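Accompanying notes for the structure given below.
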Amino acid sequence: MIRFPFVRLGLLFAFFPLLLAFITGLIQGVSMWDEGSGTGAYIWLMLLTLPVGFVLVVIGLVLKVVRIKRS
């Protein structure tokens with residue numbers, strides 16, 4: 001059985017907008033928190049990605065507990 005890395009994928013998905021704001025801030029040479037430059041606007045995506053990432057992490061943890069119980 002192929003194991004899907006739900007926990008890692010959930011964490012990556014949840015904090016991807018923060019990473020995107022950091023990288024684009026470095027490229028443009030502005031603060032990643034500045035919404036006027038556009039890079040800070042990426043952080044607003046966390047309103048959507050944090051809950052989805054949290055659900056993926058919980059699914060991964062539940063599957064891990066179920067696998068341990070089965071063994």
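Determine if the stretch 49-70 includes at least one residue that is touching a Pro at 6+ places or on another chain (Cβ under 8 Å), surrounded by fewer than 16 Cβ atoms within 10 Å (Cβ to Cβ) and outside any loop (DSSP other than H, G, I, E, B). No, because not a single residue in the stretch 49-70 is touching a Pro at 6+ places or on another chain (Cβ under 8 Å), surrounded by fewer than 16 Cβ atoms within 10 Å (Cβ to Cβ) and outside any loop (DSSP other than H, G, I, E, B).
When the residues of the stretch 23-48 are filtered to those that are surrounded by 15 or more Cβ atoms within 10 Å (Cβ to Cβ) and among the hydrophobic types (A, V, I, L, M, F, W, C), the one that is modelled with the highest pLDDT is M46.
For first residues located in the stretch 10-39 and touching a residue at least 24 places away in the same chain (Cβ under 8 Å), partners that are in a helix (DSSP H, G or I) and of a type in the set (G, A, S) and lie 6+ apart or on another chain with Cβ distances below 7 Å form the pairs G10/G53; G10/G60; L11/G53; F13/G53; A14/G53.
Has the stretch 16-38 got any residue that is assigned to a helix (DSSP H, G or I) and within 15 Å of G60 (Cβ to Cβ)?
no
The values are calculated or read from the model by the stated rules, or taken from the named source; none is laboratory data. Small disclaimer: the values here were computed from a predicted structure and weren't measured. Note that each Cβ is placed from the backbone with ideal geometry, even for glycine, and that neighbours are counted across all protein chains shown.
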